[in-house]
1. Each residue of the range 42-54 in turn: what ³J(HN,Hα) in whole Hz from Karplus with 6.51, -1.76, 1.60 and θ = phi - 60°, glycine and Pro shown as x?
2. Check which residues have an amide H placed less than 5 Å from LYS468's amide H, if you skip close sequence neighbours.
3. From the phi of every residue in the range 226-236, what ³J(HN,Hα) in whole Hz does the Karplus formula 6.51 cos²θ - 1.76 cosθ + 1.60 yield, where θ is phi - 60° and glycine or proline is x?
4. Counting only protein heavy atoms and a 1.4 Å probe, tell me what percentage of the range 18-65's accessible area is made up of carbon and sulfur.
5. Could you work out how much longer the chain between GLU511 and ASP725 gets when fully extended? Use 0.36 nm per residue separation minus the Cα distance between them, nm to one decimal.
6. Rounded to whole Å, give me the distance from the Cα center of the range 294-317 to that of the range 695-722.
7. Calculate log10 I(q)/I(0) of the range 7-151 for q = 0.10, 0.18 Å⁻¹, where I(q) comes from the Debye formula with a single equal point scatterer on each Cα and nothing for solvent.
8. Percent of accessible area on the range 505-548 owned by carbon and sulfur, 1.4 Å probe?
Amino acid sequence: MSRPASTPLTFTIAKSTPHSGKYVPENILVDKPQDQSSRWSGAFQGGAKQWMLLRLEPLAVLKSITFGKFSKQHPCNMKEFKVFVGMTEDKMTEVLHSGLKNDATPETFAIKHTDSAGVAFTSQYVKIVPICAHGQSFHVSIWHVSMSGITDPPVVERIQVNYAEHRETSVLRRILKHLRQRRLLTPFHSILSRTNLHLEHPLITQLHSIIVLKGDWSRSEDLLSSMSSAGLFENYINTCQPHAIWTRLVGTDADGDVPPARGGHAMCMDPVNEMIYLFGGWDGEKSLDDFWVYNVREDKWRVLSHSTSGEQNAPGARSCHKMVFDTKTGSIYLLGRLDDSDGLRASVTVAPVTVPHAHAQSVPAAGAAPQQQQRQPTVVNAGEATGAGKTYCSEFYRYHTRGADKGKWDFLSFDTLSSGGPPLLFDHQMVIDCETQIMYVFGGRVVDGDWDTFKYSGLYSYNVRLSKWRLLQQSDNTGGSQIIIPSRFGHSMVLEPTSKTLFIFAGQRDERYLSDMYAYNITTNTASELFSNFTAAGGPDACFTQRAVIDPALKEMYVFCGLTRNSASGIQNTTLRSYLSNWVYRYDNHPGKWAQIMRHPETTASEIPMPRFAHQVVYNPATRSVFLHGGNAGGLSAAVRGNGSAGGNADGDGGDGGDGDGKEKEKEKRLDDFWRMELRRPGPEEIVRQAKFLIRRQQFREMCENSAPVEALQFLQTEVSSVVDHKNAKETELFRSLLTHLLSLPPPPEPTTTEATAPPKMVRTPSDSSESTGSESTTTSLREGSTRPRKRSRGSGNWGWTNELGLEDGGEAGSPEVEVEVSRSSDLRAGGVRRRSLQALRGVPDPIEGPAGEKLSAERYAQRTEVFEGLLEFVGEGEGEKQLLEGLLEFVERESGGGAGGLGLGLGVVR
């Protein structure tokens, strides 16, 4: 089913806060960037709350908003703002909090239009709330606003119906959870049967009955195995903190050789045959042109070519290039380069290099097979190569690993720029969608001999079947309404094949290291910003030459950091961390979550790779293994300046043989080590063990009350101890604390059903009575789930600790004459009918429980419910697998606080 297209939305000005002078709200309806008066300007300066309310006509799904600007910088330009949406004026939800640059370029922002469950919603009203202007003490101004979204009536109506049904279902699920927590099981089952609502997995329903109602501990533990077999723990396991297990791979070729040390090389992997291909790079003195393959299954390297420069149609020595592997055809595609003839490393002595003949390319007709050009190696002097007359061409190559042409290179294009593709570039990123046979290239610094100016490439696609390039996004914002991903180099890009999404993040632009992340939807040709600063969201620092791979099945991305900068110190503090900085990014939610990959506690520092940059990584999703090779492990001075820190050498690492100002740096260390990383998470057996520990804690607690102390102690020392991880300090401390249940005084007798329903008794608690102190006073309190006893202040008399509050009827609150128990304070009156307190309500057996319910006290029901909900923490967030985490009271509290503005049901985190 095709996605509905976004179209420009029409709207009117519903109302706004007072405006200044002639700068009326209606001015934003017309885009006149040359007219300084064509804007809305608030009447107040500083932090006064101002806003503008827009009404969409017709009803729509708002997907983006664009702010036009004046033709040059202006102090009144809106610096920070928020956007709210809603179906009514008084109930609105925040969907955007961002800011505008103080320039003349319009900016477009994606609007969150689905809730946390991914259900789209419609909007009638849009409120823009300016927070401050760029200039201090200036009136904030909005020059022009345009919006786009879905307006197709059948689509909008369907979205409205779906969202209304989603709201009803979500409310009912919270009500059902609330009823079951309160032991109102008859209405719980009545609603389930009448609505035919799927609340949770049948095993979860069975678990509640076995644990909470029956306390059948043996069957509950047996049920854990069934839940594990049903895969209910899988989603939770995948969200657990991973630990890295590193293994150094020491396999060689037949002569005992391995690829020599290098950085800035290229690698790609054939995941089907488990072969890793490596080409080129920079060894600190020269660019390389050797070509290797590693057999993962045999742990052996094999050299395919010691020097491809001497082969027909093969690429010459280079670094900072990229390769991708096409699993459908077994072909490797290679694009981009920085070589010794490009003039960037003036201080490095350049040996003679080979360049292809400069002949024009004939573009194949549409649908024709890729035309192969003949490339004959030609030797030229370094001086000629770097002279003013040098032509910079972007060559494009293909290597065959299968079929009749196995082991041969194709010279696909002498210059991709001449056929609509990218210019010659380096430190770009390239991925291939093997299913659609389309390759994507983004970013990279343009190689044209001018190293004093930063030039970047945009986003391109290459259709393998048609041999055709297409420009998808310019390298910079051209002023349109579409979100343009800022171009950069030394960044990361991975393809999520299921949703056809490119994730692009980090890298360097001009002198800045970046910490942003964008998602580009290939199907709709639209981009959205996920993070403006992922460091603030718990991710890595802004970084350059980091590497990333993706696991679509787990919805995870693994990032291996390179160079970082302290933002407070600016470009003068380019550093390589003293420890390996690896991260995992989970994108199953929007915008996703970051977590650091920690070293496995059983490994030492010598058993993991040293920190590095300009390295290469590939990933095998079948075995979930990351392979890391080479890179640069040192040589950074305290300050790396100018072009030296801007990808100036073949590693993209800061200049070999000298930095940007010509000062010699310490000797850099290229690496030839090769590693495999596997992420270790707790397995299903570990989850079952933790769940058993939770269950047996409650079982022991009840044994302390119902069984002989010796029997309970023996159970603690054997059955409970056997499911404790004694190496885990937290679990060990929790295990030891269980002994307090055995040593504590017996609980007071539970009230009978009649007593539980009777009105609370009036009691006095004078502190001079010996019966009101010591353990007696604490036994009148609820042992779990109640508030701690508080000491009341009295106007006169000596009064001690108590759980009893002043009676409302007759006398002032807090007077010593009359007191009431806690349960009385929880009573509510409506129409003269007294309602039971929460504790009393849980103490009343539901008819559905039968005779066994008479023995289940309120406190025990609450304790077992807590155990049940604790076990649900191990069940993933899959649709319909378990009850909602948020309860009815929390939902009501959030709604009444305006957190979701009436849209609700998770819209505190809408997207």
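1. Values per residue, Gly and Pro as x: x, 6, 10, 9, x, x, 4, 6, 10, 7, 9, 10, 10 Hz.
2. Correct list: ASN463.
3. My calculation for the range 226-236 gives 5, 5, 5, 5, 7, x, 5, 9, 4, 4, 5 Hz in order.
4. For the range 18-65, the apolar C and S fraction of the accessible surface comes to 51 percent.
5. 72.1 nm
6. 65 Å
7. Summing over Cα pairs of the range 7-151 leads to -0.31, -1.01.
8. 42 percent
The values are calculated or read from the model by the stated rules, or taken from the named source; none is laboratory data. Note that the structure is predicted; figures quoted are calculated from it, not measured. Ideal geometry is used to build each Cβ from the backbone, glycine not excepted, and the neighbour counts take in all protein chains shown. All accessible areas refer to the heavy atoms of the entire protein, side chains included, with ligands and DNA or RNA removed. Shrake-Rupley method; radii C 1.70, N 1.55, O 1.52, S 1.80 Å.
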